[in-house]
Structure formats: C-alpha cells, structure tokens
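**Student:** Pasting a structure here, questions to come.
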Amino acid sequence: MLTGLAVYSTGFLLLFLASGIRSCIPELILSRGRDPSERRQAAFFHLGILWLMNFTGTILAGAGAFLLAGILGPATGVQDWLAFTVFCLATFLLAVLLPSLVAKGTPLRFLSALRFPYIIVSLLFRLPALLFFGSSSDESPETLGWLITPPDVIWLERRREKGDPGEFEKEQELMDSIIDFSDKIVREVMVPRIDMACVEINADLSTVVDRLKRAGHSRIPVYEEKIDNIRGLLYAKDLLALLSEGENGFQLRNILRTPYFVPEYKRIDELMREFQSKRIHMAVVVDEYGGTAGLVTIEDIMEEVFGEILDEYDKEALLVKKLDGGSYLLDARLPIDDLNALLGTDFADDDFESLGGMVYQLMGKIPRPGERTDFSGYSFTVEQVRAQRILYVRVEPLSESQKESD
C-alpha cells in the first residue's frame, strides 16, 4: 500500500509540475521579446527537461495507480480495471488538465509558487536532458532567469488585469533597462577619454585644487606625461588633509590610490559585482591596445537602469531639443538606440555608438559647421564643432521632393 502510494504520489507531482510549467513557456517567451533565438534555444532545453519529467511521471503514476487499484479495488468491492480507470482519469484531470488551465490563466503567479520545487526536481533530470537535447545556452534550471523575473511578474500580470500595457510605459521602460542591463558592456556606458577630467602627476597644489573644483568630482584620475599612462586616482578627501600644509613638500603621487583597470568589452553587470566586492567606485577603461579608452563609475552603471542621476553640482545636459517642423537639435553624444527611438528609425550601430559617430561615417571626413548630409529620409547638419569633435547636429525630415531628388 505505502509503496504504491509513494510511487503514485511521485508520478503525480512530476506530471503536475511538467504540465503546468510547460503551459507557461510560450506566453513568457512572447512577453519577453528580447533575443528571440537565444530564448527559443533556452526554451528547447527546458522543454527537454519537462518532457523527461512528463514521461517519468506518466510511468510512475500509471504504475502507482495499478498497485493501488489492485489493493483498493478488492477492499471496496470495485473491480481492478474500474479502479485503475478512475485513478487514471483523476490523474489526468488533477495533474495534467488543472495545472495547465491555471498556468495559462496566471502563468507568473503559478511559476512563483512552484519555482523552487521545479528547480529541485529538474536537477535530477538535468544530466539526461543534456545527453538527449544538449546544452543550449548559459541559461540553467538553477537560475531560471529567463523563465521568471520580477519585471515579468509586474508587467505580464498588469497587462492581463488591465488589458492596456500603455498605462505602464514608465514601468516598462524601467523593466526594459533591467532586462538590457546584463547585455551592456563598459564601452557603452563609460565617460569617453576626451571627456575625462584628469590632472598631471607633477601638478602643484593650486593646480590640483583648481582642477578638482572645475571637474566637480570627488575622484579624478592622475596621469604622467600622457593620459594613456594613468598612475592613480586622486580622492578629494585625501587632498583636504594636506591643504593646511600648503605647497611645502607637496607631492601628488604620495596620496594617490591604486587605479582599477577594466577592458572596454567587460559586461557592466560583472563590473557592478566587482565594484561591490572590492568596495570601489571608479575604474579606468582600457582599449584592446592597452591605451586609456575612458572612465566608468558606479553612477554610470546605475544610470543605465534608473536614467540620468544629477546631484546639486551637475548641470543637466540637453541631449535633445525639439525645433519647429519636426526637426531636432541633438547632442552628438546621443546614443544610436536613443536616436532610433526618437525618430522611429532603425539605424544600425555596428560601426558606431553615437550620432556623432554616424555623421562621421556618413561624411567620411572631419566636418565643418554647416556641412550637411542626407540619409534615410533625414538631413543631418553639423551645427557646432570643437577641434575635431562634433558637438551638435540638427536633424530634419526630408520633404517628398527632396527624397525623390536623392
């Protein structure tokens, strides 16, 4: 009796988990429209686990039902085959049909409730799934990060309850930022080399103080001879202790902190963990040749999720200024993704990351103020240049006659 009950209960649990979670997967893949090929690949691997769970559950539930029917049938005066049929029908209704219906109605709540039982049970089937279906990606049953995350829970449940995702645009933007977070690399969020506030290691005290004041930062890099040779980081609080002593014996190199260097293609989620574990707030970014590419701070990373963070000393940079006639005055630093969102375009960002980089590529030279180029239904006019750097670009939609002439 106990053996039959244990076998049947195990099979019932496997069927319940497999049927319910299997019903959630299509909805979750559609609701998380990022990297569809990778998501389908990860889904295939998890479906393999679920198929094995379902297969094993069916065998165990059937065997358990057969054993129980053989015991309970005679005890209740019911024929064995009828008792077995009742067990099978009840199993189908309660362990297959019911969880599927519940999961399709509220998939994320279902997953929230059964996530940990599934994780534990799926570990037993991971090795067979790897043998039969192969490993598809870095997604794993242990994390289930793609399968259920807080952004999914909030957005999908609100979409189902309210029926209008447009009411939650701000929340969705934040969710998208969180989803994109792990895909970003340091190069995309760093302060570029040309915008770095630095000071030379042999500078006198007054020069260093003036540089810190103008920069408005509590930490700045210190270089020797050239910016590719970063020697350390200067903390304003370390300098304060020396102000009372004046210029006498001042040596900037004596108060420098050891710099932390990272490659420009490092993922920002990894860097964030390193910042936390090492208790640092700033890193110098190096390019593939070992030169200084830029600077990244913990604030730069946080801004990728929460947007621009301004303190009392910051002046808000106006990246977008709307003009008459559907035209814009844009900061050349505007990321291509933001430009696409603004104009409804689909400019590729394989070879450049900003509006300025795109204009450089289109013109094929260092432009002068007033020079213009037309591309994909828009005209791009360089408004301001400093040295070799484009500062501002005016973007205007082309008229139909202008498009035809092009």
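The values are calculated or read from the model by the stated rules, or taken from the named source; none is laboratory data. This is a predicted model, so every value here is computed, not measured. Backbone-built Cβ (ideal geometry, glycine too); neighbour counts: all protein chains shown.
**Student:** Of the numbered conditions (1) free of Cβ contacts under 8 Å to residues at least 60 places away in the same chain; (2) farther than 16 Å from Val209 by Cβ; (3) in contact with a Lys or Arg (Cβ under 9 Å, 6 or more places away or on another chain); (4) not polar (S, T, N, Q), Leu256 fails exactly one; give the number of that condition.
**Tutor:** Result: Leu256 passes all but (2).
**Student:** Taking the stretch 58-90, which residues are modelled with pLDDT under 80 and among the hydroxyl-bearing types (Ser, Thr, Tyr)?
**Tutor:** Listed by number, the list holds a single entry, Thr76.
**Student:** Quick check, is Thr381 in contact with a Phe, Trp or Tyr (Cβ under 8 Å, 6 or more places away or on another chain) and touching a residue at least 12 places away in the same chain (Cβ under 8 Å)?
**Tutor:** For Thr381, the condition - in contact with a Phe, Trp or Tyr (Cβ under 8 Å, 6 or more places away or on another chain) and touching a residue at least 12 places away in the same chain (Cβ under 8 Å) - is not met.
**Student:** Also: How do the pairs read when you match residues in the stretch 275-303 that are modelled with pLDDT of 90 or more and surrounded by 20 or more Cβ atoms within 10 Å (Cβ to Cβ) with residues anywhere that are part of a strand (DSSP E or B) and charged (D, E, K, R), using Cβ under 8 Å and keeping only pairs 6 or more apart or on different chains?
**Tutor:** Filtered contacts from the stretch 275-303: Met282/Arg219; Thr292/Asp228.
**Student:** Identify all residues within the stretch 184-217 that are surrounded by 16 or more Cβ atoms within 10 Å (Cβ to Cβ), under 37 Å from the mean Cα position of the chain (by Cα) and in a helix (DSSP H, G or I); write none if there are none.
**Tutor:** Val186, Arg187, Glu188, Val189, Arg193, Arg211, Leu212, Ala215, listed by residue number.
**Student:** Those residues that are exposed (fewer than 15 other Cβ atoms within 10 Å of the Cβ) and assigned to a loop (DSSP other than H, G, I, E, B), I need them from the stretch 346-363; list them, please.
**Tutor:** Asp346, Ala348, Asp350, Asp351
**Student:** Test Ile366 against the criterion of being assigned to a loop (DSSP other than H, G, I, E, B), under 24 Å from Arg193 (Cα atoms) and in the same structural domain as Asp324 (by TED's automatic domain parsing), and give yes or no.
**Tutor:** yes
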